[in-house]
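Okay, so here's the structure we're looking at.
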Amino acid sequence: MDFGLVLQTDPPASAVVGLMRRAERNGFRYGWTFDSAVLWQEPFVIYSRILEHTTRLIVGSMVTNPSTRTWEVTASTFATLNEMYGNRTVCGIGRGDSAMRVAGRKPNTLATLGEAIGVIRDLAEGREADVDGRPLRLSWVEDGKLPVWMAAYGPKALALAGQRADGFILQLADPFLTESMIAAVRTAASDAGRDPDSVKICVAAPAYIGDDLAHAREQCRWFGGMVGNHVADLVARYGEHSALVPDALTTYIEQRRGYDYSHHGRAGNPDTEFVPDEIVDRFCLLGPAEAHIEKLLALRALGVDQFAVYAMHDARESVIDAYGERIIPALA
């Protein structure tokens with residue numbers, strides 16, 4: 001199992017670079033960041049510094065979207081980083097939650113997202129692609145490689161990930177939900193004539209190590225609110241208690257009352273008080289190192305290829321170090 005570190009690009013950017021360097025020293029293979037231009041600093045500028053100051057780390061977005069940048073700009077940016085640092089990037093992409101909504105726009109449709117996945121990959125790898133009815137190619141790209149991984153929750157999005165993406169990003173660590181969603185992605189891949197095992201599976205969630213579970217839950221409760229934004233979309237589309245979306249994912253948002261993106265992804269987010277302890281425990285990895293190892297072994301048995309640690313809490317350095325010392329060696 002591979003491990004990744006997920007950060008927001010809060011200033012100073014040097015701190016983000018420093019944490020990614022620390023992660024690489026501790027055996028993490030991937031370095032991810034949020035991508036929401038209004039809420040945080042521009043990640044692609046920071047990626048260049050991360051890549052310059054690491055040697056093996058694969059760097060990418062968790063997640064970008066098809067609208068805040070045109071597709072050829074996204075492809076060219078990744079391709080430029082790859083030319084400079086040797087094909088060490090990955091494009092995580094989704095419909096767009098915070099990046100779109102904070103600017104008063106709606107998330108992209110799945111049709112737009114599906115088309116963008118293929119175009120961005122083709123352009124970044126030097127192939128011609130159709131953009132707005134016009135054939136384009138980045139003629140300077142040589143030997144480019146850009147895996148495109150898609151974030152998804154709902155049935156249509158899971159199917160699209162299996163049909164089009166190189167990897168599936170699931171932003172929660174509940175084994176029950178993980179098992180069913182991996183099955184949906186792999187079935188869609190097989191039905192599309194693809195090797196289902198070729199689709200990489202990445203589970204991303206907060207991890208907090210320690211015996212004070214009450215404190216750990218408060219540091220990670222924000223995550224249930226972030227996931228709740230996507231769940232609310234599913235309930236709006238499919239209805240409550242739909243056969244297409246499991247109650248295990250949706251029922252906890254019944255007490256949800258609005259969401260202020262100025263607190264997005266941050267410990268102490270006042271808009272996440274509705275998230276019960278049970279959801280924090282199911283969606284995150286909390287407790288002593290042994291509890292993390294036990295849950296990660298269960299996820300690995302389900303086919304998870306990577307666990308990406310959301311480190312938006314008050315113990316970033318200690319969690320990175322503890323994973324390097326005890327948890328990554330146990331799962332390597």
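The values are calculated or read from the model by the stated rules, or taken from the named source; none is laboratory data. Because the structure is a prediction, the values reported are computed rather than measured. Reconstructed Cβ throughout: ideal geometry from the backbone, glycine too, with neighbour counts over all protein chains shown. The protein model used for the area step is the full one, side chains on, heavy atoms only, and it has no ligands, DNA or RNA in it. Shrake-Rupley method; radii C 1.70, N 1.55, O 1.52, S 1.80 Å.
A few points about this structure:
- Subset of the range 145-155 [surrounded by fewer than 22 Cβ atoms within 10 Å (Cβ to Cβ) and at pLDDT 95 or above]: K145, P147
- Subset of the range 40-70 (residues that are modelled with pLDDT under 95 and in contact with a Ser or Thr (Cβ under 6 Å, 6 or more places away or on another chain)): W40
- Subset tally (residues that are among the small types (G, A, S), buried (at least 19 other Cβ atoms within 10 Å of the Cβ) and over 20 Å from V73 (Cβ atoms)) for the range 23-44: 2
- Filtered by the rule that a residue be under 17 Å from the mean Cα position of the chain (by Cα) and in a loop (DSSP other than H, G, I, E, B), the range 89-103 gives G94, R95, G96, D97.
- In this structure, R121 does not satisfy being in contact (Cβ under 8 Å) with a residue 12 or more places away in the chain, closer than 24 Å to G4 by Cα and part of a loop (DSSP other than H, G, I, E, B).
- The range 92-109, subset of a type outside the set (S, T, N, Q) and in contact with a Phe, Trp or Tyr (Cβ under 6 Å, 6 or more places away or on another chain), residue most open to solvent (accessible area, probe 1.4 Å): V102
- Residues located in the range 71-92, provided they are among the hydroxyl-bearing types (S, T, Y) and free of Cβ contacts under 8 Å to residues at least 40 places away in the same chain: T77, T80, Y85
- The lone exception for F78 - which of (1) out of contact with any Cys (no Cβ under 7 Å at 6 or more places or on another chain); (2) open to solvent by less than 30 Å² (accessible area, probe 1.4 Å); (3) among the hydrophobic types (A, V, I, L, M, F, W, C); (4) assigned to a helix (DSSP H, G or I) it fails: (1)
- The range 304-322 - residue that is out of contact with any Cys (no Cβ under 9 Å at 6 or more places or on another chain) and of a type in the set (G, A, S) and, of those, most open to solvent (accessible area, probe 1.4 Å): S318
- Being among the charged types (D, E, K, R), out of contact with any Ser or Thr (no Cβ under 8 Å at 6 or more places or on another chain) and not in a loop (DSSP other than H, G, I, E, B) holds for only one residue in K145, K156, K106, and it is K156.
- Any hit, the range 128-145, residues being of a type outside the set (D, E), closer than 19 Å to V59 by Cα and within 22 Å of the chain's Cα centre (by Cα): yes
- Candidates E290, E325, filtered to the one that is open to solvent by 10 Å² or more (accessible area, probe 1.4 Å), over 20 Å from the mean Cα position of the chain (by Cα), in contact (Cβ under 8 Å) with a residue 60 or more places away in the chain and more than 15 Å from C220 (Cβ to Cβ): E325
- When A216, A184 are checked against the criterion of being over 28 Å from N87 (Cα atoms), of a type in the set (A, V, I, L, M, F, W, C), open to solvent by 20 Å² or more (accessible area, probe 1.4 Å) and out of contact with any Cys (no Cβ under 7 Å at 6 or more places or on another chain), a single residue qualifies: A184.
- Residue list for the range 1-31, restricted to those being free of Cβ contacts under 8 Å to residues at least 60 places away in the same chain and in contact with a strand residue (DSSP E or B) (Cβ under 8 Å, 6 or more places away or on another chain): T9, V16, M20, E24, G31
- Within the range 45-66, the set of residues being closer than 18 Å to D10 by Cα, open to solvent by less than 10 Å² (accessible area, probe 1.4 Å) and not in a helix (DSSP H, G or I) comprises V59, G60, S61, M62, T64.
- Residue in the range 189-202 that is buried (at least 18 other Cβ atoms within 10 Å of the Cβ), in contact (Cβ under 8 Å) with a residue 24 or more places away in the chain and in a loop (DSSP other than H, G, I, E, B) present: yes
- Counting only helices (runs of 4 or more DSSP H) that sit completely within the range 223-329, those holding 2 or more residues that are at pLDDT below 95 correspond to 247-250, 277-283.
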